[in-house]
Amino acid sequence: MTIRYTLLMSYLLISLASALLITLMIFVHLQDILGAEIEGKLKSQATTIMQQIDTTLFERMENMAMWSRLEVMQELRVRDVDKRLSHFLNELHAGYDGVYEQIFVVDRNDETISASDANMIGTRYPQAHPWLTASHNNHTHSLQHLDAKDDKLYFSIPIPDAFATGELGRLYAGFDWKEIFRLLDAPLPLSVDAQSYALLVDSDGRIIASSSILRNKAFQFRHLSEILKRMSDTAGSLETQADFLDNQHVLVGYARSPGYRAFKGFGWCVLILQPSKSAFAPVWDLWLAILVFLCLTLVLGIMVSFWMSAKIARPIVRLAEFTRDFMQGKQVTPPQLKSSRELTELSTQFSLMINNLEQSRQDLVRVAKLAVIGEMAASMAHEVRTPLGILRSSAQILQREPELSTIGLEMTEYILSETQRLNELVTTLLECARPRPPQFSRQDLHQVIEHTMELLHSQADAKQVQIIMRLSAKKAWLHCDRDHIIQVFLNLIMNAIQHVETGGRIELITRQQPGAIETLISDNGAGISDANKVKVFEPFFTRRQDGIGLGLTVVQQIILAHHGKIFITDSDYGGACFHVLLPFSPTQEA
């Protein structure tokens, strides 16, 4: 089997299988998203309609309560002989433009005294047992049973006697129930071909209003009681079947009456039903379009695969030739392949292999430099240690002088301690290629820094360098080699002093970091370029003519031996800023 045939079959299998799987995932995801969106819209529509119905009922009761207290209603005492009340009711009927079909007043004997329709005056309207009652603004409102034939809902309220106790009669208003139908017809379908059905259900579970598509035909909804039992929240959505839609699966958004202001509502609820078939029709149309697209993709994929397999095979042959020549020791460079990502990555890895070999060569050069350091140190050790021994002996002799002042005694102590430290540093330089393990002990970093500053005080004064210390780290205890850490800060601070102008500024800051103490040594010198920041720790790299280029190399070795880290950034003052991170000791020494 050739690689071309293998690539061809693999491409077809992977691409088409992936496309089919991704398409199926997208389809299911879109179906879930659309379902959640439809349920949310149904819930929102049901809530809006229920709020509008509560608001409408509240406004009707507010009107009735206000009218019953008007002075003109007292005309009922004289049977409205001057027709003031009838004229007022007629103006109300005209002013509300169809909201109220009829407005009339009856006396205690149920005789119509005044009415917006003059034909009703003198007729009797016996008070029937109310369908619903509601207390609002110290008035009891009564709703008569819905007149399904004329689509009217009659509100009634007592008319109080302003001059005596008791009631003069009752005020009736026939509310046009078509206003509720209009509210139920307001929600639009969620798609062009979809249909939605709206129902208004009373507290007894009876349908008292519906949208126009259901009003024109008789229907039974046997699943209604099941839906009402599942309505656990004030508003929400659920899924069920609708027998009046041939048991289709439907999405239902519902909302219970929350009332409006002081009106607590009558316990009604609104249901918005959306058949799943019509709701998800756009998704199925999309699925059909995707299947057609996949078929076209299959045909196109076969054509492209023949061309692609040949294109992929050619670069592999070139890589095979490169590998064979490289193994034979020929001076070759990896071919620059502009092909698939995998082949490009393979070519890149070959290039990295060549670069790693070059890096290994440079590492060998660096090791050789470190070996040179050892040889130089060995040849200079005798010349350095001899004067150190003389200084140490001289300091010991001076200490025996009885007339030696306190300051002199202190200075000889410094000489003895520093000559001892320098002697040990010479030994360390001898072992630069093979540094000795640090002798760890518990040390206070702040004391180490302060001691280092005392040693460098004269050098800083000579250049009038201002050194500012802000040792703010709360946990400054280290498990370290004291002499090594002193050497680190001596090199870094002395390096800063040498690179600032006269009257320059150096700042030392310690601060707490997670699990470590960070020391920042920044100056306002010339700074270090980005190109040199990666070179300053290499052996023999220096920017000063009289420099050797080993100070920062030793610093880096010491920091790494202490499991720390050192790096360089730009200082806020325009120079360089060295960051030294050392792990702190978890408990303070007693």
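The values are calculated or read from the model by the stated rules, or taken from the named source; none is laboratory data. Treat the numbers as computed from the prediction; the structure is a model and nothing was measured. Positions of Cβ are generated from backbone atoms using ideal geometry, with glycine treated the same way; all protein chains shown enter the neighbour counts.
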message: Need the failing condition index for LEU132 against (1) touching a residue at least 24 places away in the same chain (Cβ under 8 Å); (2) touching a Pro at 6+ places or on another chain (Cβ under 9 Å), just the number.
response: (2)
message: Being surrounded by 17 or more Cβ atoms within 10 Å (Cβ to Cβ) and under 18 Å from GLY174 (Cβ atoms) is the filter here; which residues of segment 125-148 pass it?
response: TYR125, LEU132, ALA134, HIS141, SER142, LEU143, GLN144, LEU146
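Matching residues to (1) part of a loop (DSSP other than H, G, I, E, B); (2) within 58 Å of the chain's Cα centre (by Cα); (3) modelled with pLDDT of 90 or more; (4) surrounded by 13 or more Cβ atoms within 10 Å (Cβ to Cβ):
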| residue | (1), (2), (3), (4) |
| --- | --- |
| LEU57 | no, yes, yes, yes |
| MET64 | no, yes, yes, yes |
| GLN74 | no, no, yes, yes |
| ASP82 | yes, no, no, no |
| ASN90 | no, no, yes, yes |
| ILE103 | no, no, yes, yes |
message: Testing ARG215 on (1) at pLDDT 80 or above; (2) surrounded by fewer than 17 Cβ atoms within 10 Å (Cβ to Cβ); (3) within 29 Å of ASP117 (Cβ to Cβ); (4) outside the structural domain of ARG79 (by TED's automatic domain parsing), one condition comes back false. Which one is that?
response: (1)
message: Considering only segment 221-236, I want to know if a residue exists there that is at pLDDT below 90, over 21 Å from THR48 (Cβ atoms), touching a Pro at 6+ places or on another chain (Cβ under 6 Å) and surrounded by fewer than 20 Cβ atoms within 10 Å (Cβ to Cβ).
response: no
- prompt: When you go through ARG470, ARG482 one by one, which is the residue that is within 45 Å of the chain's Cα centre (by Cα) and assigned by TED's automatic domain parsing to the domain that holds ALA576?
  reply: ARG470
statement: (1) surrounded by 18 or more Cβ atoms within 10 Å (Cβ to Cβ); (2) of a type in the set (Gly, Ala, Ser); (3) at pLDDT below 80 all hold for ALA209 apart from (3)
- prompt: Does LEU42 satisfy being at pLDDT below 85 and more than 30 Å from PHE155 (Cα to Cα)?
  reply: no
Residues located in segment 481-529, provided they are in contact with a strand residue (DSSP E or B) (Cβ under 9 Å, 6 or more places away or on another chain) and part of a helix (DSSP H, G or I): ARG482, ILE485, VAL488, PHE489, LEU492, ILE493, ASN495, ALA496, ILE497, HIS499
message: On the basis of being outside the structural domain of ARG170 (by TED's automatic domain parsing) and in contact with a Gly (Cβ under 7 Å, 6 or more places away or on another chain), does ALA46 make the cut?
response: yes
query: Which members of segment 278-295 meet the condition of being in contact with a helix residue (DSSP H, G or I) (Cβ under 8 Å, 6 or more places away or on another chain) and either of a type outside the set (Phe, Trp, Tyr) or in a helix (DSSP H, G or I) (or both)?
result: ALA279, PRO282, VAL283, LEU286, TRP287, ILE290, LEU294
- prompt: Given the residues SER522, SER529, which is the only one that is in contact with an Asp or Glu (Cβ under 7 Å, 6 or more places away or on another chain), modelled with pLDDT of 85 or more and in the same structural domain as HIS579 (by TED's automatic domain parsing)?
  reply: SER522
query: Among all residue pairs at least 6 apart or on different chains, which show Cβ distances below 7 Å where the first residue, located in segment 297-315, is modelled with pLDDT of 70 or more and the second is exposed (fewer than 14 other Cβ atoms within 10 Å of the Cβ) and of a type outside the set (Ser, Thr, Tyr)?
result: ALA313/ILE3
task: Check segment 435-445 and report whether any residue there is at pLDDT below 85, exposed (fewer than 13 other Cβ atoms within 10 Å of the Cβ) and out of contact with any Pro (no Cβ under 9 Å at 6 or more places or on another chain).
output: yes
